[in-house]
Amino acid sequence: MNNLLDHFQLAHLPQSLDPFRIEVKQFLKQAMPPLTADQKARSWFGFDPEFSQRLAKQGWVGLTLPKTYGGAEMDAFARFVLVEEMLSAGSPVAAHWIADRQSGPLILKYGTEKQKSFYLPLICQAKAFFCIGMSEPNSGSDLSSVATRAVKTDQGWCLNGQKIWTTNGHQCHYAIALVRTSGTTANRHAGLSQFIINLSLPGVTRKPIVDLTGDEHFSEIFFENVLLSEDTLIGVEGQGWDQVIAELAFERSGPERVYSSIILLDEWIRWLKKGHATPQRVAMVGRFTAHLSTLRNMSIAVTHQLVQGKSPVIEAALVKDIATEFEQNIPALLEDEMGADPNEIIDANLLRALAYVSQMAPTYSLRGGTREILRGMIARGLGLR
Amino acid sequence: MMNMFVEALEPILIDHCTPSDVRRIEANDAGHSLFQKIKDAGFVELLAAESDGGANISTRELFPVLFLLAQYAVPLPIAQTIAARWLWKNHVDIPNGLIAFAPHHSVKSNVLICANVPMGRVCQFIVIQDQQHLKVLNCADAIKLNDSGIKGSLLTTFEWKINAAHSFEMKNTPTDLMAMSAVLNAVELAASIKKVFDMTLQYGNDRVQFGKSIGKFQAIQHQLSVMAEHVAAASIAVQAAFDLTSGQPTRMHSAIAKSRTSESAQLIAATAHAIHGAIGITYEYDLQIYTRRLHHARMAYGSESYWNQWIGEQVLASKTTQLSDFIQMTTHP
């Protein structure tokens, strides 16, 4: 009954990766653009193609992809190390992020040889940035109700519809979109397929959406009679749902689901060290440390399953749900702390980082599957559904 | 989390540590016969060297044994007794009997007081930390013993004359009795958390209302999902502490394990009772055996606030600028 919980066995990052971690730290020291705390706090939303290309020159974009396609052919543990260091440093990783994390592995798993040898080298060189076309105005958590449709033509497919909340859709080269290719929404999971869509094609219109922080991190994408060639279909026609679920295991399992508020937390600790510590704040630091250490071990346990070639879909959902709660707890508790003494002057840099993280924190438990969806998945894993 | 020791111990517990045995010992029995069964099977000497008749097992292998003892709510300080005998390895004159830990004590008018010692009512000896020294005091020498007056609780307050003869003393040991007590206690918490979750999941499947199992309702499912997250977190926090070939878990690992499990204890107990409804708070139903432990063990040997304070002090005293670096440095095996 409880197999799910038996999968949370302690695992360790291999010690052979210690030199790699040092190498990453050294690289970041010289390659990081000068950023303020609130800019760093943008975490994996910071879009900087130049940084992505410097990282690619190190061979660290497409880290887990085979060398044949220009990848580093390292495993998920290595990706854990790289991601942990980049997020702790506040690196602007958004440009190559989706391609490295999920589009690349998806193409590797489901793509034809032609697709693999075209897209994967571009990804590894940080010349092709990807976004994810899943949500639509009327399809959020109920993803299988997507209405964007591709109709078969003589030369390929004709695409019509709309995607929304696409992270950096207006700045990426390609989207991998889930669309309906047969049947109706009544057919639910059947009849869905995934396409790699070149976003510069005629008929594609992109509009950034301004968020509450003033950033334009996500967008709307409209498709009006977009003609797609045969070879833009990725995987098997009609199998899009299963492919998306496998893709989401990659999307949800990484340390980025633990570290979204780390820049704020580290910045606050730095400030406490300058004579602002109180017993209550010290205990709060201790609590965050106990949580982070434990969540990190849970995330490594899931990574271990990826390394073993498994697809830990539900395990990843479980870690994401509890970890995003921790990530959201940080700004929630720090707001109270930083407002607790009106006589205390808070460092402006720290205050801006807090505001950014606090405003963006609601997305932590929306992106990549809402809290309610994840808890439903866990319940299924427990045999309740 | 199976090993040969677990496989050997479980049948003993199935036969001799049933919920009614637990109730009986908690009510007024000293638990001698249960202790004798466990001792006769060699489990008290698990950590002792083979030359001393022990099994010389690793800290890592000991963990599932301790977890199992707590899953059966064994109301005896078996874990502490195993650990005490290991602390005194190389010494033959270890007192024979159940040993409980009291890392904190106070002295008032020439009286040494150990307040609210967990498992105090069923132990024969108590280990105290006196600065750098560990001392074993005999419960029979106490001038005063007070039960807590809490139903089913084994908490006992002891008083000895300050110059009471100690049965054994170990001078200038680096042993950190508080951290040792806390990490053993964290295992008890993690195991009880798992047990309470299993019982609640089962109840969610069995209990029918509105014509279907209550576990089919989304509100119940989500509560069970959140419980499952805390089961996984608590379990991995204690696994990390015991991931050693030999020796005592580090103070940092112990602190994290105790803090993390203590924090989850409250949520797990509250949610389990909410899902069980009124039956859960009856004496007859077994849930209370475990949820009482969750509340008690959360407070014993430092609640989460105590350990969070200590962890936070270490973070603020360190030179690292990234919390992730601090965690790697202090918890890397």
Seminar exercise, completed: All-but-one check, B:Ile113 against (1) surrounded by 20 or more Cβ atoms within 10 Å (Cβ to Cβ); (2) at negative phi, failing number (1)
Exercise. Among the residues of the stretch B:296-327 satisfying the criterion of being among the charged types (D, E, K, R) and more than 28 Å from B:Ala191 (Cα to Cα), which is farthest from the other protein chains (Cβ to nearest Cβ)?
Worked result: B:Lys319
For this session: Mind listing whichever residues of the stretch A:366-376 are at pLDDT 95 or above and in contact with a Leu (Cβ under 8 Å, 6 or more places away or on another chain)?
Result: A:Leu374
Exercise. Of all residues in the stretch A:110-144 being outside any helix (DSSP H, G or I) and touching a Leu at 6+ places or on another chain (Cβ under 6 Å), which is nearest to A:Ser219 (Cα to Cα)?
Worked result: A:Met134
For this session: Mind listing just one residue for me: the one in the stretch A:1-50 that is farther than 22 Å from A:Arg296 by Cβ and of a type in the set (D, E, K, R) and, of those, surrounded by the fewest Cβ atoms within 10 Å (Cβ to Cβ)?
Result: A:Lys29
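A quick yes/no check of all residues on (1) outside any helix (DSSP H, G or I); (2) closer than 19 Å to B:Glu188 by Cα; (3) acidic (Asp, Glu):
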| position | (1), (2), (3) |
| --- | --- |
| B:Arg24 | no, no, no |
| B:Leu34 | no, yes, no |
| B:Lys39 | no, no, no |
| B:Ser51 | no, no, no |
| B:Ala70 | no, yes, no |
| B:Leu76 | yes, yes, no |
| B:Gln80 | no, yes, no |
| B:Ala84 | no, yes, no |
Exercise. When you look at A:Val226, is it in a loop (DSSP other than H, G, I, E, B), of a type outside the set (Lys, Arg) and modelled with pLDDT of 95 or more, yes or no?
Worked result: no
Exercise. Has the stretch A:207-214 got at least one residue that is part of a strand (DSSP E or B), at pLDDT 95 or above and either buried (at least 18 other Cβ atoms within 10 Å of the Cβ) or in contact with a Gly (Cβ under 7 Å, 6 or more places away or on another chain) (or both)?
Worked result: no
Exercise. Given the conditions (1) under 19 Å from B:Ala234 (Cβ atoms); (2) facing another protein chain (nearest Cβ under 9 Å); (3) of a type in the set (Lys, Arg), and given that A:Lys273 satisfies all but one, which numbered condition is not satisfied?
Worked result: (1)
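Before we move on, is B:Tyr285 more than 14 Å from chain A (Cβ to nearest Cβ) and under 22 Å from A:Ala283 (Cβ atoms)?
Working: more than 14 Å from chain A (Cβ to nearest Cβ): yes; under 22 Å from A:Ala283 (Cβ atoms): no.
It is false that B:Tyr285 is more than 14 Å from chain A (Cβ to nearest Cβ) and under 22 Å from A:Ala283 (Cβ atoms).
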Problem set entry | All positions within the stretch B:120-143 that are acidic (Asp, Glu) and assigned to a strand (DSSP E or B) | B:Asp130
Problem set entry | Single residue of B:Ser181, B:Ser192 found to be more than 8 Å from every other protein chain (Cβ to nearest Cβ) and touching a strand residue (DSSP E or B) at 6+ places or on another chain (Cβ under 6 Å) | B:Ser181
Seminar exercise, completed: Log entry, pairs with first residue in the stretch A:131-157 being without any contact (Cβ under 8 Å) to a residue 24 or more places away in the chain, second being among the polar types (S, T, N, Q), beta carbons closer than 6 Å, six or more apart or on different chains, reads A:Ser139/A:Ser145
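Out of everything in the stretch A:218-245 that is among the aliphatic types (A, V, I, L, M) and buried (at least 20 other Cβ atoms within 10 Å of the Cβ), what residue ends up being farthest from A:Asn198 (Cα to Cα)? Show your work before the answer.
Start the filter on the stretch A:218-245 by keeping residues that are among the aliphatic types (A, V, I, L, M), which leaves A:221, A:226-228, A:233-234, A:236, A:244-245.
Imposing the further condition that a residue be buried (at least 20 other Cβ atoms within 10 Å of the Cβ) reduces the set to A:221, A:226, A:228, A:233-234, A:244.
Details: A:Ile221: 12, A:Val226: 10, A:Leu228: 9, A:Leu233: 12, A:Ile234: 13, A:Val244: 19 Å.
Within the stretch A:218-245, the match that is farthest from A:Asn198 (Cα to Cα) is A:Val244.
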Exercise. Restricting the search to the stretch A:128-171, which residues are surrounded by 16 or more Cβ atoms within 10 Å (Cβ to Cβ) and basic (Lys, Arg)?
Worked result: A:Arg149, A:Lys163
Problem set entry | The one condition in (1) in the same structural domain as B:Ile82 (by TED's automatic domain parsing); (2) more than 19 Å from B:His295 (Cβ to Cβ) that B:Arg207 fails to fulfil | (1)
Exercise. Mind checking which residues of the stretch B:51-60 are of a type outside the set (Gly, Ala, Ser) and modelled with pLDDT under 80?
Worked result: B:Asp52
Exercise. Quick one: in the stretch A:328-385, which of the residues that are within 14 Å of chain B (Cβ to nearest Cβ) and of a type in the set (Val, Ile, Thr) is surrounded by the fewest Cβ atoms within 10 Å (Cβ to Cβ)?
Worked result: A:Thr370
Seminar exercise, completed: Exception for B:Phe43 within (1) under 17 Å from the mean Cα position of the chain (by Cα); (2) more than 14 Å from B:Val187 (Cβ to Cβ); (3) in contact (Cβ under 8 Å) with a residue 40 or more places away in the chain falls at (3)
Exercise. If you take the residues in the stretch B:195-222 that are of a type in the set (S, T, N, Q) and more than 9 Å from chain A (Cβ to nearest Cβ), which one is nearest to B:Ile275 (Cα to Cα)?
Worked result: B:Thr200
Problem set entry | Residues that are touching a Ser or Thr at 6+ places or on another chain (Cβ under 8 Å), in a loop (DSSP other than H, G, I, E, B) and hydroxyl-bearing (Ser, Thr, Tyr), drawn from the stretch A:146-204 | A:Thr181
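Can you list the helices (runs of 4 or more DSSP H) found entirely within the stretch A:1-73 that contain at least 1 residues being of a type outside the set (Lys, Arg) and modelled with pLDDT of 95 or more? Before you say what the answer is, go through the steps one by one.
Details: elements: A:3-6, A:18-31, A:37-40, A:49-57.
Helices (runs of 4 or more DSSP H) meeting the threshold: A:18-31, A:37-40, A:49-57.
Filter the stretch B:147-162 for residues that are part of a strand (DSSP E or B) and in contact with a Lys or Arg (Cβ under 6 Å, 6 or more places away or on another chain); which is farthest from B:Val22 (Cα to Cα)? Don't jump to the end; show me each part of the working.
Applying the first criterion (part of a strand (DSSP E or B)) to the stretch B:147-162 yields B:147, B:156-161.
Retained after the next criterion (residues that are in contact with a Lys or Arg (Cβ under 6 Å, 6 or more places away or on another chain)): B:156, B:159.
Details: B:Thr156: 18, B:Glu159: 27 Å.
Top of the filtered list is B:Glu159.
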Seminar exercise, completed: Only unsatisfied item for A:Glu325, checking (1) over 17 Å from the mean Cα position of the chain (by Cα); (2) within 9 Å of chain B (Cβ to nearest Cβ), is (1)
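The values are calculated or read from the model by the stated rules, or taken from the named source; none is laboratory data. No experiment lies behind these values; they were computed from the predicted model shown. A quick note on method: Cβ atoms are made from the backbone with ideal geometry, for glycine too, and the neighbour counts reach across all protein chains shown.
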